[in-house]
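Only the coordinates and a few stated rules stand behind these numbers; no lab work does. The structure presented is a predicted model; accordingly, all values stated were derived computationally and were not measured. No Cβ is skipped: glycine too gets one built from the backbone with ideal geometry, and neighbour counts run over all protein chains shown.
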Amino acid sequence: MVVLSDITISIEREHDIVAARQKGRELAARMGFSGTDQTLLATAISEVARNIVSYAGRGTVVLSSVEEQGRRGLMIIAEDHGPGIADVGLAMRDGYSTGGSLGAGLPGAKRLVDDFELSSTVGTGTTVTLKKWLR
Amino acid sequence: MSVPILKQGEILIASIQSALSDRELVELRDELADRVGRLRSRGVVIDVTALDVLDSFATRTIRGIAYTAKLRGAKTVVVGIQPEVAFAMVQLGLSLDGIATALDLEEGMLLLQRWPK
């Protein structure tokens with residue numbers, strides 16, 4: 001996979017969530033994603049950025065235009081050095097939440113994109129990688 | 001308060017103009033709960049036409065607004081959910097179960113006026 005360009009948005013306050021999803025929508029539009037896909041991407045960014053604010057306090061969202069096997073896509077990497085997720089299987093279950101939310105965040109974000117990867121170590125942090133390919 | 005709230009007869013209209021932060025959404029909820037009582041409103045319309053994203057937090061807060069208003073004696077209609085926003089909400093697994101929705105402000109006002117008092 002080749003990264004063609006990337007933007008890093010630091011997530012420290014809830015207001016940064018709005019900024020991140022707006023940047024994501026702009027990038028998606030520039031790359032030629034449909035209006036619906038732009039909305040799906042912006043919504044996914046909102047969910048993963050909110051997880052950073054809710055659980056880790058601070059972190060980063062990196063938005064990249066990538067190319068792999070002749071196809072182009074938008075990659076979102078949400079990374080934090082927060083408490084980490086003790087039970088990744090549980091966190092991916094619909095309706096499960098430790099933060100008093102709906103529990104739609106991670107499993108929901110997964111449904112909005114094509115590729116989803118979650119890695120987390122307790123005490124070290126969490127990285128969520130999402131990709132959506134241009135059709 | 002970043003969301004203007006208009007009063008038209010017994011109905012309050014909250015017209016969201018731009019992307020809101022979590023805090024602004026919570027402020028809107030509190031402000032509406034207060035005004036429903038002060039102005040003796042029977043209905044609340046939340047116009048989300050301008051919103052390009054309704055994520056889990058926004059959906060939960062809108063649900064909170066509708067339930068709070070209901071406990072204060074007013075009915076809520078959410079209007080103007082854009083088609084791609086609706087699609088994203090379905091993918092995300094979000095719903096506004098038990099909350100009235102209408103296509104636009106006009107339909108929402110009609111719905112509230114037709115409701116038995």
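Just a few scattered comments:
- Every pair of residues 6+ apart whose Cβ atoms lie under 9 Å, when the first sits in the range B:65-79 and is more than 11 Å from residue B:41 (Cα to Cα) while the second is surrounded by fewer than 24 Cβ atoms within 10 Å (Cβ to Cβ) and of a type in the set (S, T, N, Q): B:77/B:101; B:78/B:101; B:79/B:49; B:79/B:101
- Residue match in the range B:41-54 (condition: among the basic types (Lys, Arg) and part of a helix (DSSP H, G or I)): no
- Within the range B:102-117, the set of residues being surrounded by 18 or more Cβ atoms within 10 Å (Cβ to Cβ) and among the polar types (S, T, N, Q) is empty.
- Every pair of residues 6+ apart whose Cβ atoms lie under 7 Å, when the first sits in the range B:1-24 and is touching a residue at least 12 places away in the same chain (Cβ under 8 Å) and under 14 Å from residue B:40 (Cα atoms) while the second is among the hydroxyl-bearing types (Ser, Thr, Tyr) and not in a strand (DSSP E or B): B:10/B:41; B:11/B:41; B:12/B:41
- Unique residue being in contact with a Lys or Arg (Cβ under 7 Å, 6 or more places away or on another chain) and outside any loop (DSSP other than H, G, I, E, B) when the list is B:112, B:28, B:32: B:112
- Sole exception among (1) assigned to a helix (DSSP H, G or I); (2) more than 13 Å from the chain's Cα centre (by Cα); (3) crowded, with 18+ Cβ neighbours inside 10 Å for residue B:59, by number: (2)
- Output for the range B:70-106, where each listed residue is more than 14 Å from every other protein chain (Cβ to nearest Cβ) and either closer than 22 Å to residue A:44 by Cα or in a strand (DSSP E or B) (or both): B:75, B:76, B:77, B:78, B:79, B:80, B:100, B:101, B:102
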